[in-house]
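These notes concern the structure reproduced below.
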Amino acid sequence: MVAIRAASPADAGAVAAVQRASWLAAYPDIIESTLIEQAVRPDGGARVRQSFQVRPWQQMIVAVDDSPRAGQPVIGYASYGPELEVLTAPWPHPVSRAGATGQVGELYALYVDPVWWSTGTGLALITQALDGLASYPAVMLWVLERNARARRFYGCAGFAPDGAVNVLTTLGGVTEVRYRR
């Protein structure tokens, strides 16, 4: 069974482990393996803890296995908030004008441990995240162009590409496409 709850800095290590496992499973044919290793190298959750400080507007939720014997380990997470200025500002991306005025929200990340893929965990996370973004008239997200599995998932959740693209030079020049709902 899966339960969704608010994440805390104490979850940082588990969130980082989910992200690493997901990247290693989902991206080997999309991103060069050395770049994946650099991006999600084990750091005990330091990058995730830093995001709590750098992005105070960000909301993060975690999916936990709440079966009696599991002990509620984190098996997935999503983060979201106001739209960020991805195309014209360097990292850490500031909130866009549309995000600051409450016009556009953004799903920043949604990752599920590969062992839990196709179990409804991703659906539970996106449903809760969209509830958290309900005050925004539009919601967008970025997804790797060659990530067919994720693109199908987001399409089923009511998102569609809006024509914007972004090249991730730090990840070897892979392209991500913007989806909007």
Residues whose modelled amide H sits under 5 Å from the amide H of residue 105, counting only those 5 or more places away in sequence or on another chain, are 83, 138, 139, 140
Of 41-47, 56-62, ordering from highest average Cβ density within 10 Å down gives 56-62, 41-47
Most fluctuating of 21, 78, 129 in the GNM of the chain (C-alpha, under 10 Å) is 21
The chain, convex hull of Cα, quarter of hull surface, nm² -> 9.8 nm²
Ranked output for segments 94-107, 159-172 by mean other Cβ atoms within 10 Å, highest leading, reads 94-107, 159-172
Counting Lys and Arg as +1 and Asp and Glu as -1 over every other residue whose Cβ sits under 14 Å from the Cβ of residue 134, the net charge comes to -1
Residue separation between residue 152 and residue 167 times 0.36 nm, minus their alpha-carbon distance, gives in nm 3.3 nm
Of the DSSP H helices in the chain, the ones reaching 18 Å or more along their long axis in Cα terms and averaging at least 0.0 in Kyte-Doolittle hydropathy are 12-26
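Since every read-out is calculated from the coordinates, none of them should be taken as a lab result. All of these numbers come straight from a predicted model, not from anything done at the bench. Here the Cβ is made from the backbone with ideal geometry for all residues, glycine too, and neighbour counts use every protein chain on show.
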